[in-house]
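Asks: Here's a structure for you.
Read-outs: derived from the displayed coordinates by stated rules, not from any lab. Predicted model, so just to flag it, every value in this text is computed and none were measured. A quick note on method: Cβ atoms are made from the backbone with ideal geometry, for glycine too, and the neighbour counts reach across all protein chains shown.
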Amino acid sequence: MKAKHQRLVLALVALAALVGAGLLAASALRDEAAYFYAPADVRAKGVEPGKAIRLGGMVVKGSLKRATDGVTLRFDVTDGKATVPAVFSGIAPDLFKEGSGVVAEGAFDAKGTFVATNLLAKHDERYMPRELEGMKYDEATHQLKVER
Amino acid sequence: MIAEAGLAALWFAAALALLQLVLVAMGLTGRKDELLAAVRPVAVAQGLLTALAFAALVTLFLRSDMSVLLVVTNSHSMKPWLYKFAGTWGNHEGSMLLWVTVMGVAGAAVALFERALRRDTHMATLGAQAAISLGFYAFLLFSSNPFARISPAPADGQGLNPLLQDPGLAFHPPTLYLGYVGLSVAFSFAVGALLTRRVDSAFARAMRPWVLAAWVLLTLGITAGSYWAYYELGWGGWWFWDPVENASLMPWLAATALLHSVTVLATRDALRAWTVMLAVVAFSMSMVGTFLVRSGILTSVHAFAVDPERGSFILALLAIYIGGALALFGWRIGTVREGEPFELVSRETMLVVNNLLLSVILGLVLVGTLYPLLTEAFGHKVSVGAPYFDRIAGPIALGLMVAMAAGPLMRWRRDSAAAAGRRLLVPAAVLIVAAVVVGLLAWGRIGILPYLGLVIALATAVASVTPLWRRSLRRTPLFTWGMVIAHLGCAVSLAGMASDSAFTVEKLVAARPGDVIETAGWRLRFVQILPRAGDNWTALQADVEASRGGGSPTMLHPQARFFASPPTPTTEAALLTRWDGQLYVVLGQEADAGRWQMRIWWKPFVTLIWLGGFLIALGGALALVGRERRGWVLKWRARRAVA
């Protein structure tokens, strides 16, 4: 390699690497943008079983049940337009309760139940999952508004 | 009085920074040596004043002086003294004061100890350091005054976020900041060298120890932070791709690339423009990180306050410094001669590969971290989580490990492919054997990334010690040892990550006192559950007796704590460390009458993650001492030759 051309070659290689990285990021982020679902999105678009998503909504009042093993919770998540059954095994956050907002990470099983591996609830006023910030629940109409 | 003295010290330090900048500018342009002679004392005085201001704030916190607003909002007289002390930087204003202090002290250190650099470049470097400091003094004094008083003084303070009330707070932020802000020195060196047109191998040799020192501290800070999050949050994870973690990872990636390219420049006089660029990027990433964390645009345990004014202030500083440095780079880079050429098969090429891969990871992490902010500007709330980062960073990091294994076994400038191949024979054989053995043992039970991680960790561990093969260990220079140990640390850490994600066993139960839980060869007996109280918290504590293989049992005490001020529940996980892994027990809520939720993990070899991080930092420290010591020996010999 001639000395004169080396800098040019290095610059081109760096450019190619950056463009490659940009394309990679763009494709990965396109999937990621389709990462958060409200129950209405689930009904409208459908989510294939096993695909990792975040499901956000409100825990329907009266739907929260604890199984006899003491660690499995069953509850329904709603956004006012649609309702999705969900199940979670684990230690729920302290502020996870009926009538409050929740973001659940997990995937749907074959029967259409959302199997959550992680629950994000509002921890305190200083720490809140991003998607929960835009959620407002209207007590009168039982409508959950999700600003996105 | 102490608060006023601290504030005065800050103002004086800011004035000295301005003076330092003016002295350098007038001295260098007008070639006035008498002005330049004053620069070093001014820089040292500035460093001392910042240290004084910081000491003043620490004193106020230790005394629980409730007439100071910051102490009221972030401390409480009932807090143990360690958290009063460490609580000094557990808030926005205090942490920015720590930032400014580190910057001032680092500037003083450059003034005092830097001897290798040409005088004009040294002066320009100190001028650049003063210019960056000025912006952060302004930020502190105009929008984040830590010494503001409150009148009338309340009876007691509001307390510190309980998640931060941990010995980790005393170690993690200061180390991280030393590394983070230490990179400002590299930035100033780059600006100084561009201004005086001295980008060459002598400049790189002078900059290298500063980069190494900052990098070692950054590595330690990140390692400590990861372990802290691991045991304090009680989620069993050691890295969450939280934007704030990314904010510390990005400068580390840039600094790691810089560390390697500065070595190429110092030894081979190649990659000049690239090295200068990386030095600018590394500290820019520190500033971007600070912007993300301190502006309050992110919600996180690290984001102490939401204040748009502060966010705009830091954004303006970012634009000025990064934009200014890049403009200077564009203006002056034409005058930087092209460095020495090298062949395709050479150590330089491998280091270029290392730099490219690190930069690509850096770019991808940056995009993933900023993307939610960009989309929010267009009205969409999106989280970018672990799936994105794991998917993109994982494979590239594995490629990086391969380059790391091969690089040190290649010769500088040119190498024959056949000879390099022979040197790589043993690691390649280990790679194949490991691939087959791990494949046979665990195929189908573990994912593809953990599988590749385990195999590559084994091969790179062997490759990283291969440079010592057939060398006299006693005569191997210390910096070669440093490289070997740091690279070995990467392999060790990777092995821990892969083992944790491949082999962790999780068990979730609802148990009542007297129950016995068996998991992963462990036998845990839930003895009892009792209330406990600390200085500023109450807790329910479970006593769990753990044993395995008939060995003597150990008592574990996981707690569910409740802090009174501010009122917050936290979980205190109980950890039992054995040579082959950690048992991690978390106490949950009461499931129903008399039964308690308990989450138990057995994490084989998880501790290797942080052991590896420590080895990486140790390697860096050895390399630093090795290079410096060689300098001392050479100087001593030269002096003796003269005598």
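Asks: Would you calculate a helix-derived [θ] at 222 nm for the protein assembly as shown, using -39,500 (n - 2.57) for each DSSP H run of n ≥ 4 and dividing by the full residue count, to the nearest 500?
Replies: Value at 222 nm, helices only, nearest 500: -19500 deg cm²/dmol.
Asks: Now, a different point. Mind jotting down a quarter of the surface of the convex hull over the alpha carbons of the stretch B:505-604, in square nanometres, one decimal?
Replies: Projected over every direction and averaged, the Cα hull of the stretch B:505-604 covers 6.7 nm².
Asks: Contact order normalised by length for the stretch B:1-165, with contacts defined as Cα pairs under 8 Å and 6 or more residues apart; what percent is it? Walk me through the numbers on the way to the answer.
Replies: On the way: 249 pairs, mean separation 58.8, N = 165.
It rounds to 36 percent for the stretch B:1-165.
Asks: Where both partners of a DSSP beta bridge lie in the stretch A:5-104, what percent of those bridges are antiparallel, to the nearest 5?
Replies: Given both bridge residues lie in the stretch A:5-104, the antiparallel proportion sits at roughly 90 percent.
Asks: Another one. Relative to the present Cα-Cα distance, how much length would full extension add between B:SER67 and B:ARG115 at 0.36 nm per residue of separation? Before the final figure, lay out each step's value.
Replies: Working: separation 48, 0.36 × 48 = 17.28 nm, distance 4.54 nm.
Length gained between B:SER67 and B:ARG115: 12.7 nm.
Asks: Looking only at the stretch A:101-120, which residues have a backbone nitrogen under 20 Å from a spot 7 Å from the Cα of B:THR519 in the C-beta direction?
Replies: In the stretch A:101-120, the label zone of B:THR519 (backbone N under 20 Å from the point 7 Å along Cα→Cβ) covers A:105-106, A:115-120.
Asks: Taking the Cα-to-Cβ direction at B:SER552 and at B:ARG532 and moving 7 Å from each Cα, how far apart do the two end points lie in nm?
Replies: Those two pseudo-labels are separated by 2.1 nm.
Asks: Return the percentage of antiparallel bridges among DSSP beta bridges fully within the protein assembly as shown, rounded to the nearest 5 %.
Replies: Expressed as a percentage, antiparallel bridges in the protein assembly as shown total about 95.
Asks: Per residue of A:22-29, what is the mean number of Cβ atoms on other protein chains within 10 angstrom of that residue's Cβ? Show your work: numbers first, answer last.
Replies: Numbers: counts 4, 0, 8, 11, 1, 2, 10, 9.
Taking all residues of A:22-29 together, the mean is 6.
Asks: Sequence-distant or interchain residues sharing an amide H contact under 5 Å with A:TYR37, placed H: which?
Replies: For A:TYR37, whose amide H was placed from the backbone, the distant partners under 5 Å are A:ARG54, A:LEU55, A:GLY56.
Asks: I've got another one for you. Per residue and in cubic angstrom, what volume does the convex hull of the Cα atoms of the protein assembly as shown have?
Replies: Values: hull volume 154.7 nm³, N = 791.
It comes to 196 Å³ per residue, whole-number rounded.
Asks: When you look at the Cβ of every residue in A:8-18, what mean number of other chain Cβ atoms sits within 10 Å?
Replies: Details: counts 1, 1, 10, 2, 0, 3, 7, 0, 1, 7, 4.
Shielding by partners across A:8-18 averages 3.
Asks: Determine, from the Cβ-Cβ distance of B:ALA327 and B:ASP33 and an R0 of 35 Å, the FRET efficiency 1/(1 + (r/R0)^6), rounded to the nearest 0.05. Don't skip to the end; give the middle numbers.
Replies: Numbers: r = 29 Å, r/R0 = 0.83.
Using R0 = 35 Å, I get an efficiency of 0.75.
Asks: Here is a further query. What is the list of residues in the stretch B:69-112 whose amide nitrogen lies under 11 Å from a point 7 angstrom out from the Cα of B:ILE2, following Cα to Cβ?
Replies: B:85
Asks: For B:PHE85, A:PHE88, B:PHE503, what's the fewest-to-most ordering of other Cβ within 10 Å of each Cβ?
Replies: In increasing order of surrounding Cβ atoms, one gets B:PHE85, B:PHE503, A:PHE88.
Asks: With charges only on Cβ, +1 for K and R and -1 for D and E, what is the dipole size of the protein assembly as shown about its Cα centre, in debye, rounded to 20? Mind showing how you got there, number by number?
Replies: Values: 72 positive and 53 negative charges, 691 e Å.
For the protein assembly as shown, the charge dipole is close to 3320 debye.
Asks: Oh, and also: With each pseudo-label sitting 7 Å past Cα toward Cβ, what's the A:ALA16-B:ALA319 distance in nm, one decimal?
Replies: 3.7 nm
Asks: Under 10 °C and 1.306 mPa s, how fast does the stretch B:1-165 diffuse according to Stokes-Einstein, given a Kirkwood radius computed over C-alpha pairs? Answer in µm²/s, whole number.
Replies: The estimated diffusion coefficient comes to 95 µm²/s.
Asks: Compute the signed sum of charges (Lys and Arg +1, Asp and Glu -1) over the other residues within less than 15 Å, Cβ to Cβ, of A:LEU64.
Replies: Around A:LEU64, the charge tally is +1.
Asks: Then there is this: Using Cβ contacts closer than 10 Å as the measure, can you line up B:SER64, B:SER261, B:SER346 from fewest to most?
Replies: B:SER64, B:SER346, B:SER261
Asks: Another question about this same structure. What number do you get for the stretch B:94-221 when its Cα radius of gyration is normalised by 2.2 N^0.38 Å, N = residues?
Replies: 1.29
Asks: Name the shape class, rounded, prolate or oblate, that the alpha-carbon gyration tensor gives for chain B, where a ≥ b ≥ c are the square roots of its eigenvalues, rounded holds for a/c under 1.5, and otherwise prolate holds if a/b is larger than b/c and oblate otherwise.
Replies: oblate
Asks: If you don't mind, there's one more thing I want to ask. Once the Cβ-Cβ distance between A:ARG43 and B:LEU370 is put in as r, and R0 is 51 Å, what FRET efficiency do you end up with, to the nearest 0.05?
Replies: Values: r = 32 Å, r/R0 = 0.63.
E(calc), rounded to 0.05, equals 0.95.
Asks: OK, next. Answer with one residue from B:GLN597, B:GLY514, B:LEU583: the one whose Cα lies farthest towards the positive end of the charge dipole of the stretch B:505-604, charges on Cβ with Lys, Arg +1 and Asp, Glu -1.
Replies: B:LEU583
Asks: How would you rank B:HIS260, A:HIS5, going from fewest to most other Cβ atoms within 10 Å of each one's own Cβ?
Replies: Least to most surrounded, the residues fall as A:HIS5, B:HIS260.
Asks: Mark the label point 7 Å from the Cα of A:LYS97 along Cα→Cβ and return the residues of the stretch B:587-620 whose backbone N is within less than 18 Å of it.
Replies: Once the point is set 7 Å along Cα→Cβ of A:LYS97, B:589-593 turn out to lie under 18 Å by backbone N, inside the stretch B:587-620.
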